[in-house]
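Here is the structure we will look at, set down as structure tokens.
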Amino acid sequence: MSHGACYASIMIAIRRVFLTALIPLLSCGGLVGTVDGGTDAGSDANVCILSASHYAQTCNVASDCSTIFAGDACSPTVCICPNAVIAQSSRAQYDADLAATHAHNNCFCPLSPAPTCCAGTCSMQACDAGH
């Protein structure tokens with residue numbers, strides 16, 4: 001094999017390794033943003049971080065609450081399993097924001113606890129006896 005052919009083979013191998021490492025970053029635009037849950041929250045295609053605190057969490061009864069995934073939805077090592085709670089009234093906005101991340105869940109999620117409404121706030125914890 002000539003030096004030129006060898007060099008070309010090495011460059012092709014380097015490009016493959018580089019692109020393989022770069023593709024996960026490009027899946028979320030290569031940037032990490034935070035969803036703010038406002039009217040334009042889904043307008044940024046580079047959003048990867050979802051936070052329950054950026055959505056309404058007020059409730060009157062437990063059925064006013066909905067479990068969600070909060071965290072880096074673009075991380076290839078994260079399971080998109082319920083780990084937080086928001087108000088059901090914010091669920092449509094959350095679903096749109098999650099869809100904007102293009103996240104894919106290849107995990108089996110264990111059954112999450114039913115959300116509760118404690119003192120007017122959605123929670124994944126049991127309410128204190130006084131609430």
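Inspection of the range 107-117 finds a residue satisfying the criterion of being in contact with a helix residue (DSSP H, G or I) (Cβ under 8 Å, 6 or more places away or on another chain), hydrophobic (A, V, I, L, M, F, W, C) and surrounded by 16 or more Cβ atoms within 10 Å (Cβ to Cβ). Among the residues that make up the range 72-88, is at least one of them over 10 Å from the mean Cα position of the chain (by Cα) and in a helix (DSSP H, G or I)? Taking every residue of the range 72-88 in turn, at least one turns out to be over 10 Å from the mean Cα position of the chain (by Cα) and in a helix (DSSP H, G or I).
Can you pull out the residues in the range 72-86 that are buried (at least 20 other Cβ atoms within 10 Å of the Cβ) and small (Gly, Ala, Ser)? Selection gives 73, 84.
Residues that are at pLDDT 50 or above, in a helix (DSSP H, G or I) and buried (at least 20 other Cβ atoms within 10 Å of the Cβ) within the range 29-71 comprise 52, 54, listed in sequence order.
The values are calculated or read from the model by the stated rules, or taken from the named source; none is laboratory data. On a predicted model such as this, the values are computed, not experimentally measured, just so you know. Glycine also receives a Cβ, built like all others from the backbone with ideal geometry; neighbour counts cover every protein chain displayed.
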